[in-house]
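Below you'll find the structure, written out as structure tokens, and then a few comments.
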Amino acid sequence: MQQWQTSRFTIDLSRPVLMGILNVTPDSFSDGGRFLAPGDALQQAERLVADGAGILDVGAESTRPGAPALPLEAELERLLPVLRELVTWGVPLSVDTYKPEVMQACLDLGVDIINDVWALRRTGERGLSAEQVVAQHGRCGVCLMHMHLEPQSMQIAPMQGDAVPQVVAFLRERAQRLGELGVAPQRVVLDYGIGFGKTVEQNFALLARQNELLALGHPLLAGWSRKSSLGHVTGRQSPQERVLASVTAAVLAAERGARILRVHDVAATAEALKVWQAMVARAA
């Protein structure tokens, strides 16, 4: 049985788990500003859990294309008041950050998972590396994502050619690096990074060929929710209008082996998965 070891929980991945997105940001591409106040953020977190989220993923810095970097202190000011309450809820808690100092502060609070779009490649202001923070913790889960270049430039000069083997090679190297640092493989999940420096065609090739990523031996996270590639194929310009497309992509990702689905629309995705799982159960 597939499992994801995290700080406080061992998460069962025998069925897909929904990771509910909670953005405490003023500028995220989909819902920026709606949950910036701690009270609003906690109300949204409660809704996500009630709707079926098995993990909460909290982020304070937008990584949309062209997004500016957020100062360390500002990120902590947004995150910590919300996290102090959420760690008491008994729900696996993930933090979406690439700064080692933020990772350390969140893990010290009791956070379970580090979800890093930079795949632990960054070093902090005081020389502390993200790799060191995760390796020294001993138990926290980690999600390593592939990103081409950086948020400021990734869509200006996207990847060239067949992205799948390039993403596979990158994620293999990052997972092996963590192994060398003593991070147990059951702590590591991989994310192919939809929209992070890839064309629409490359994004859908990664979805279609998830089996090549699964061959690396780690559980796969799929983060299709409301992404612009879905708007490209459906004609839906507003992220809020991409719910149906997002749910469809999530089910397709689950059907192809993804076991963590990072989504904004938890209730709709949970219902769709129930239909898919009912079909799978009868086909077994």
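Across region 33-48, not a single residue is classified as crowded, with 17+ Cβ neighbours inside 10 Å, at pLDDT 95 or above and not in a helix (DSSP H, G or I).
Within region 55-96, track down each residue that is touching a Gly at 6+ places or on another chain (Cβ under 8 Å) and among the small types (Gly, Ala, Ser). Listed by number, the residues that qualify are Ser62, Ser94. Is it the case that region 189-196 has a residue that's surrounded by fewer than 22 Cβ atoms within 10 Å (Cβ to Cβ) and free of Cβ contacts under 8 Å to residues at least 60 places away in the same chain? No: zero hits. Select from region 92-117 the residues that are surrounded by fewer than 24 Cβ atoms within 10 Å (Cβ to Cβ) and small (Gly, Ala, Ser) and write down the one among them that is nearest to Arg139 (Cα to Cα). Among residues in region 92-117 that are surrounded by fewer than 24 Cβ atoms within 10 Å (Cβ to Cβ) and small (Gly, Ala, Ser), the one nearest to Arg139 (Cα to Cα) is Gly110.
Of the residues making up region 106-145, those that are of a type in the set (D, E, K, R), part of a loop (DSSP other than H, G, I, E, B) and within 21 Å of Ala169 (Cβ to Cβ) are Arg121, Arg122. Residues of region 118-158 that are touching a Pro at 6+ places or on another chain (Cβ under 8 Å), aliphatic (A, V, I, L, M) and closer than 22 Å to Leu220 by Cβ: Ala130, Met154. Checking each residue in region 100-122 for being out of contact with any Asp or Glu (no Cβ under 9 Å at 6 or more places or on another chain), free of Cβ contacts under 8 Å to residues at least 40 places away in the same chain and not hydrophobic (A, V, I, L, M, F, W, C) picks out Gln104, Asp108.
Residues considered: Val164, Val247, Val243, Val188. Of these, the only one that is modelled with pLDDT of 95 or more, within 22 Å of Arg122 (Cβ to Cβ) and within 19 Å of the chain's Cα centre (by Cα) is Val188.
The values are calculated or read from the model by the stated rules, or taken from the named source; none is laboratory data. Since we're looking at a predicted model, the values are computed, not measured. Glycine also receives a Cβ, built like all others from the backbone with ideal geometry; neighbour counts cover every protein chain displayed.
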